[in-house]
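S.K.: I have a structure I would like to understand better, so I am pasting it below and will then ask my questions one at a time.
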Amino acid sequence: MTVTIHNGKIARLPRNIRDELNHRLDDGEPGGRILAWLNALPAVPAAGLGGRGINAQNLSNWRKGGFQDWLKQQERRNLVRELTENAEELSMDAGGVELGNHLSAVLVAELAESARDALAALTDPAERSARTQEFLLTLARVRRQDYLAGRLAIERELRARERVKEQEQAQHWKESAREWEPVKRQIKHSFMADLYARPDFTSQAMATQQAESLLQNVKLNGSRPDGSTAPVNPESN
């Protein structure tokens, strides 16, 4: 049988067994002991290996293929963990200041040192002028990025403040509306009663409109606290 990487006998074993195998190989366990352990596992016949167990060639192929991929993956995982830990430490050391500001300062310092050393070694005025322009262009790009980052931070802070202010204003208007609602209803009642007391048709019509408005509010707000509904006849008020 032609054995290929990721398609051999060991590659068809369950993930947990392959992981254990890789750890054993990484620890330097002898091949004979590993083969004895593998072929004694119930999962090996169940993997559909054609009735044949895993031999030394299968293990050698895996050591050159799947095991190497596993080692690379472990290196990537270790790198991610290390970078994460370093980032957490740097954030704590920065004291809440953007790390980009620190990095920019380091880059500018490195640029200044490189420019000083490079220009000190040049004697031709034209070449010195050309190199100086290169350094200045690089510095200008770095400073521009600093400016853009600072402006973005200011815009974020302004938007955050605006959202807080809008929320506070909305809450204020909501509370004010609740406080003035009883007063508004009392004014409507008084105005409606005054209109009904007048004999002219216009006053009666306006009073009826006020009554309908009050009844609509009562319907929206539900029943009264005693369980009864609002009267349908405005004159009964």
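S.K.: Being modelled with pLDDT of 70 or more and surrounded by 10 or more Cβ atoms within 10 Å (Cβ to Cβ) is the requirement here; does D194 meet it?
M.R.: Here the answer is no, as D194 does not meet what is asked.
S.K.: Only one residue in N39, N7 is more than 44 Å from the chain's Cα centre (by Cα) and either acidic (D, E) or modelled with pLDDT under 90 (or both). Which one?
M.R.: Working: N7 fails: more than 44 Å from the chain's Cα centre (by Cα).
When all the criteria are applied, what remains is N39.
The values are calculated or read from the model by the stated rules, or taken from the named source; none is laboratory data. Computed from a prediction, not measured in an experiment: that's the story for all the values here. Methodologically, a virtual Cβ is constructed for each residue, glycine included, from the backbone with ideal geometry; neighbour enumeration extends over all protein chains shown.
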